[in-house]
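Report on the structure given below.
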Amino acid sequence: MHLDQRVARDESGTAFQFPTMLYSPAQRCLDVLELLADAPDGLALSAVGARLAIPKSATHRFLALLEGRG
């Protein structure tokens with residue numbers, strides 16, 4: 001079975017890959033939460049998307065959902 005690879009970047013800009021097979025929106029949303037938890041000063045939408053290799057549109061949806069939940 002072929003696994004697609006998604007490339008993300010850590011705070012230093014170092015690229016790493018993780019398999020996207022079975023990578024659900026719920027997992028992505030948790031990744032956003034973890035990333036924001038490690039950024040006490042916050043992050044711009046574009047920075048969140050770039051670091052997690054998530055399109056800006058999806059990043060916006062996740063952030064809007066989290067904001068709506070409080």
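Based on this model, can you work out whether ASP10 counts as open to solvent by 90 Å² or more (accessible area, probe 1.4 Å) and either more than 14 Å from THR59 (Cα to Cα) or at pLDDT 75 or above (or both)? Taking the combined requirement at face value, the residue does not satisfy it.
Does region 35-48 hold any residues that are in contact with a Lys or Arg (Cβ under 7 Å, 6 or more places away or on another chain) and open to solvent by 50 Å² or more (accessible area, probe 1.4 Å), and which are they?
Correct list: LEU45, SER46.
Of the residues making up region 49-70, those that are assigned to a loop (DSSP other than H, G, I, E, B) and surrounded by 12 or more Cβ atoms within 10 Å (Cβ to Cβ) are ALA53, ILE54. Annotation: of all residues in region 22-34 being among the aliphatic types (A, V, I, L, M), open to solvent by 30 Å² or more (accessible area, probe 1.4 Å) and in a helix (DSSP H, G or I), the one that is farthest from LEU66 (Cα to Cα) is ALA26.
Every residue, every condition in (1) closer than 18 Å to ARG9 by Cα; (2) modelled with pLDDT of 90 or more, yes or no:
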residue	(1), (2)
SER24	no, no
ARG28	yes, no
VAL32	yes, yes
ASP38	yes, yes
GLY49	yes, yes
LEU52	yes, yes
ARG61	no, yes
LEU65	no, yes
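The values are calculated or read from the model by the stated rules, or taken from the named source; none is laboratory data. Keep in mind the model is a prediction, meaning the values are calculated, not measured. Every residue, glycine as well, gets a Cβ built from its backbone with ideal geometry; the counts of neighbours run over all protein chains shown. Note: accessible area is taken over every heavy atom of the protein model, side chains too, but ligands, DNA and RNA are not part of it. Shrake-Rupley method; radii C 1.70, N 1.55, O 1.52, S 1.80 Å.
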